[in-house]
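Written below as structure tokens is the structure these notes are about.
The values are calculated or read from the model by the stated rules, or taken from the named source; none is laboratory data. On a predicted model such as this, the values are computed, not experimentally measured, just so you know. With ligands, DNA and RNA removed, areas are computed over all heavy atoms of the protein, side chains included. Shrake-Rupley method; radii C 1.70, N 1.55, O 1.52, S 1.80 Å.
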Amino acid sequence: ERAARIARQLLTFARKRHTTRLMVPVNEVVAETLRLREADLQRAGIRVSTLLAPDLPDVFADPHQLQQVVLNLLINAEHALLRVGDAGGHVRLQTSTEGADGIRIEVQDDGPGMSTEVLGRIFDPFFTTKDVGEGTGLGLAVAQAIVAEHGGHIDVTSSPGAGARFAIVLPAAGATVQAGRPHTAPVADTSDQ
């Protein structure tokens, strides 16, 4: 089963899949994704708060792929909190506008955070900080590819002991999408949050 799952992830990563894009309400995708993980998060004692901006413009996206990205970030936050060892922790999901023509989806946890070295490699295929059998190291690489295909990027902020914040930035529907290579900016968090 694990080999089959890895093979499916490799195929997803290696080839462009036919996507169905339509006008997608971001808050609905985020809320539905949270519903998928809610029971597991509660069992783990992880508190979840949401702050979904009202009146967000839609994005022109494949809703299933967008959900896959948010789900991956939510599961990664859950795993980071479970690695700490104590039950509990907090995950925050937030949506907002980004500039004049963008949408921002944030997934933030108060877990162990990441070193600068790990931050520099998190989007590398097959790089993982999870234990053997828990992850393939393809989740964030696939997430980055999906977001880039949608004209967006993922920003990461983290430092050891201070949790992590992943922000998906996508163009709002009707915004001009500039072609180019994917932009991903891992940044060490130096603020006192």
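A compact table of results
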{"quantity": "Share of carbon and sulfur in the accessible heavy-atom surface of the stretch 49-89 [1.4 Å probe, %]", "calculated": "57"}
{"quantity": "Vicinal HN-Hα couplings computed from phi for the stretch 156-167 (Karplus, 6.51 cos²θ - 1.76 cosθ + 1.60; Hz; Gly/Pro x)", "calculated": "10, 10, 6, 7, x, x, 10, x, 9, 10, 9, 10"}
{"quantity": "Intensity falloff of the stretch 59-110 expressed as log10 I(q)/I(0), Debye formula with alpha-carbon point scatterers, at q = 0.19 Å⁻¹", "calculated": "-0.72"}
{"quantity": "Net length gained if the chain between residue 117 and residue 32 were fully extended (0.36 nm per residue, minus Cα distance)", "calculated": "27.3 nm"}
{"quantity": "5 angstrom amide H check on residue 120, placed H, neighbours 5+ away", "calculated": "none"}
